Amino acid sequence: MGGCVLPALGMAAVGAAAISVLSFVSAHPVISLVGGAAVLGVTIYGLVLWQQRRARETRQAWELDVARSQEIARYHAMAPNEFERALAFLCARDGCSQAQVTGRAGDLGADVVAYAPDGRKIVLQAKRFSGTHKVGGPDLQRFGGTCYTVHGARVAAVVTTSTFTKQARQYAAHHGIRLFDVHGLAAWASRTGPAPWH
């Protein structure tokens, strides 16, 4: 019985509200017309703004994807020594001092050394790999064994044109090594993401 009463009361309230609205409209047709037009105009204006914002966001996302994909293609086309020079250039471009390529036989994992704008020493290891060749745990372990103790890094990072294995990510997290995969590199290079020392 109670289940029937509630819907009936709801219908009665809706009916009463509709009658009140109709009574107001019939008593004040001009005010109702102006008010209705104003509400309709505000609604349409809001929809237009929303569509414009959505279109702008879609366009910006597309432009960001294009910029990053172009950076990815450019770095994949480089030889390993060119990739190291490109990383040194990015460091210098973004305010580092004494950015230089140190990668050579016996470099013990330090391919690029620079000093951040706040004076911290940055040591980067460059891994110019294909997309299917991931940077693995042993790569991180070799770098982790020298970046702080031998090279005196305050910021140690591995930058690759590929991605990292789970083991590599775990090792890096445990030892405070920053990882920049192909997407992080593309964001850094296109100024749409942070540099390794941020």
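The values are calculated or read from the model by the stated rules, or taken from the named source; none is laboratory data. Here the structure is a predicted model, which is why all the values come from computation and not from measurement. Cβ sites come from the backbone with ideal geometry, for glycine too, and all protein chains shown count toward neighbours. Surface areas here come from the heavy atoms of the whole protein model, side chains and all, with no ligands, DNA or RNA. Shrake-Rupley method; radii C 1.70, N 1.55, O 1.52, S 1.80 Å.
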Q. From the residues in the range 62-75 that are closer than 16 Å to Val159 by Cβ and open to solvent by 60 Å² or more (accessible area, probe 1.4 Å), which one is modelled with the lowest pLDDT?
A. Arg68
Q. Just wondering, is there one or more residues in the range 184-191 that are at pLDDT 95 or above and open to solvent by 40 Å² or more (accessible area, probe 1.4 Å)?
A. no
Q. Within the range 141-158, can you find the residues that are in contact with a Lys or Arg (Cβ under 9 Å, 6 or more places away or on another chain) and either at positive phi or open to solvent by 30 Å² or more (accessible area, probe 1.4 Å) (or both)?
A. Tyr148, His151, Gly152, Arg154
Q. Where residues in the range 128-140 are modelled with pLDDT of 95 or more and surrounded by fewer than 21 Cβ atoms within 10 Å (Cβ to Cβ), which of them is nearest to Gly176 (Cα to Cα)?
A. Gly137
Q.
Would you confirm, using the coordinates I've provided, whether Ala195 is under 18 Å from Ala88 (Cα atoms), in contact with a Cys (Cβ under 8 Å, 6 or more places away or on another chain) and surrounded by 21 or more Cβ atoms within 10 Å (Cβ to Cβ)?
A. yes
Q. Inside the range 159-170, can you point out the residues that are touching a residue at least 24 places away in the same chain (Cβ under 8 Å) and either open to solvent by 50 Å² or more (accessible area, probe 1.4 Å) or more than 17 Å from Cys147 (Cα to Cα) (or both)?
A. Thr161, Ser162, Thr163, Phe164, Thr165, Gln167, Gln170
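Can Ala37 be described as farther than 30 Å from Val123 by Cβ, modelled with pLDDT under 75 and open to solvent by less than 80 Å² (accessible area, probe 1.4 Å)?
Details: farther than 30 Å from Val123 by Cβ: yes; modelled with pLDDT under 75: yes; open to solvent by less than 80 Å² (accessible area, probe 1.4 Å): yes.
Criteria met by Ala37.
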Q) Counting only residues that are within 17 Å of His198 (Cα to Cα) and either under 17 Å from the mean Cα position of the chain (by Cα) or hydrophobic (A, V, I, L, M, F, W, C) (or both), how many does the range 159-181 have? A) 8
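Would you point out the residue of the range 171-183, among those that are among the aliphatic types (A, V, I, L, M) and under 16 Å from Gly131 (Cα atoms), that is most open to solvent (accessible area, probe 1.4 Å)? Steps first, please.
Restricting attention to the range 171-183, the residues satisfying the condition of being among the aliphatic types (A, V, I, L, M) are 172-173, 177, 179, 182.
Filter again for under 16 Å from Gly131 (Cα atoms), leaving 179, 182.
On the way: Leu179: 51, Val182: 17 Å².
Filtering first and then ranking leaves Leu179.
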